[in-house]
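All remarks here apply to the structure that follows.
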Amino acid sequence: MRTPSGTEKRSMNARKFTILELLIVIGIIAILAGVLLPALNSARRKAKDMSCVSNMKQIGIALNGYADDWASYTPLAEDGGNSPTPYYKWQDKLANYIAADFRVRWNGDYVRLAVFRCPSQIPEAQRLFAKNYGMNGYLRQIPKAFFLRVKRPSERMMVSDIDRTGNMPVIYEKVNITADLITQRHLDGLGVNLIYGDLHVASLRMSRIPASASFQYFWGQNISD
């Protein structure tokens, strides 16, 4: 039997060392991936959170434009028959303040505009009426314009994230914001984004949102301010 020469032995040892190095490199890459992936996922979630905030700021500007044209009133959450297309949603009425050349062709046509779709919502739900943003149903509770009536607008919610069944993008109580009161879309699954009456946008933990709307300034139900 032929015995390997010194050169062949060195070559075999070199190959073994190269394989060992490769395994070490693979192990290091796996460790780094385990460390970095959670950070990358967190960064991706935060980017979507900020994109949602940007959407809401544009919606707030549209609400202000609508109010300027309609004596400080906000749009009805749903207009039963006083619009060219019956059952206009409030977003349909803001659509032209977002995109001047946009034309509403049917009830809920606003979903064609990306600004009305929350980036943190799962893609298959983004075109559903009650899965992105919802209006506080008490904004027009009494016959007096919202922007003239509310004395502390920075404490009154106007629009929030929404994830509910049905086809009404309107919110009357905490459970309308999300059917799952444990996990939400923002603040790492703990909260939602909101537009307030002074048109500032903020994130709020669900635990801080009043469960009942009655006599809560956040909602405005039964409060004639």
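The values are calculated or read from the model by the stated rules, or taken from the named source; none is laboratory data. Predicted model, so just to flag it, every value in this text is computed and none were measured. Positions of Cβ are generated from backbone atoms using ideal geometry, with glycine treated the same way; all protein chains shown enter the neighbour counts. Just so you know, the surface numbers come from the protein's heavy atoms only, side chains and all, with ligands and any DNA or RNA stripped out. Shrake-Rupley method; radii C 1.70, N 1.55, O 1.52, S 1.80 Å.
The number of residues in the range 106-139 being among the aliphatic types (A, V, I, L, M) and touching a residue at least 60 places away in the same chain (Cβ under 8 Å) comes to 3.
This table checks each residue for (1) out of contact with any Gly (no Cβ under 7 Å at 6 or more places or on another chain); (2) at pLDDT below 95; (3) under 30 Å from Phe215 (Cβ atoms).
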site: Arg44; (1), (2), (3): yes, yes, no
site: Thr74; (1), (2), (3): yes, yes, yes
site: Asn82; (1), (2), (3): yes, yes, no
site: Lys89; (1), (2), (3): no, yes, yes
site: Tyr110; (1), (2), (3): yes, yes, no
site: Lys144; (1), (2), (3): yes, yes, yes
site: Met157; (1), (2), (3): yes, no, yes
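Of the residues that sit in the range 114-125 and are among the aliphatic types (A, V, I, L, M) and assigned to a helix (DSSP H, G or I), which one is surrounded by the fewest Cβ atoms within 10 Å (Cβ to Cβ)? Checking each candidate, the answer is Ala114.
Among the residues of the range 195-225, those identified as open to solvent by 20 Å² or more (accessible area, probe 1.4 Å), over 10 Å from Pro153 (Cα atoms) and assigned to a loop (DSSP other than H, G, I, E, B) are Pro210, Ala211, Ser212, Phe215, Gln216, Asn222, Ile223, Ser224. When the residues of the range 126-173 are filtered to those that are of a type in the set (A, V, I, L, M, F, W, C) and part of a strand (DSSP E or B), the one that is surrounded by the most Cβ atoms within 10 Å (Cβ to Cβ) is Met135.
State whether one or more residues within the range 99-113 are closer than 20 Å to Val192 by Cα and assigned to a loop (DSSP other than H, G, I, E, B). Within the range 99-113 (the criterion being closer than 20 Å to Val192 by Cα and assigned to a loop (DSSP other than H, G, I, E, B)), the answer is no, since none of the residues qualifies.
When the criteria are applied in full, Glu78 fails the requirement of being more than 13 Å from the chain's Cα centre (by Cα), surrounded by fewer than 18 Cβ atoms within 10 Å (Cβ to Cβ) and of a type in the set (Asp, Glu).
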